[in-house]
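Chemist: I have a structure here, written as structure tokens, and I will follow up with some questions on it.
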Amino acid sequence: MWARMHMKVSVDAAKRHWPRRRTPPPYHTMTDDRDIEAAILDGVARRGAGKTICPSEVARSLSPQEWRALMPHVRRVVQTLADVRQISVTQKGVPVSALSAKGPIRLGLPSGPVSS
């Protein structure tokens with residue numbers, strides 16, 4: 001009986017002293033489209049022609065702890081850049097839409113001349 005009472009007091013005391021887990025702010029307050037766009041363009045430029053990056057690399061560079069929540073936003077910006085041919089979006093080497101593709105996609109520099 002003493003052990004049970006002692007344990008209850010210890011658990012209650014520990015709950016009071018343990019820091020509560022803070023909820024991170026929503027991803028849209030941490031980054032905007034320009035930040036994501038800059039990270040995408042920087043990533044594909046650093047990787048170079050003929051090589052690709054994963055959109056999760058971009059999300060992780062912007063928000064290391066909450067990168068998964070940022071992924072739909074990154075894919076939306078990826079598609080915007082692909083629409084104006086600043087980047088290419090592929091899945092298994094085949095061009096795809098970043099918004100409708102299921103599974104992993106890759107981002108790279110466009111293979112043809114870039115339109116202004």
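The values are calculated or read from the model by the stated rules, or taken from the named source; none is laboratory data. On a predicted model such as this, the values are computed, not experimentally measured, just so you know. Cβ atoms come from the backbone with ideal geometry, glycine included; neighbour counts cover every protein chain shown.
Chemist: Please state which of the following conditions VAL74 fails to meet, knowing it meets all the rest: (1) farther than 19 Å from THR31 by Cα; (2) free of Cβ contacts under 8 Å to residues at least 40 places away in the same chain.
Modeler: (1)
Chemist: Could you list, in sequence order, the residues of segment 48-58 that are within 9 Å of LEU109 (Cα to Cα) and at pLDDT 95 or above?
Modeler: LYS51, THR52
Chemist: Need pairs with beta-carbon distance below 6 Å; first residue in a strand (DSSP E or B) and within segment 84-106, second among the small types (Gly, Ala, Ser) and surrounded by fewer than 13 Cβ atoms within 10 Å (Cβ to Cβ); sequence gap 6+ or separate chains.
Modeler: Final answer for the pair search is none.
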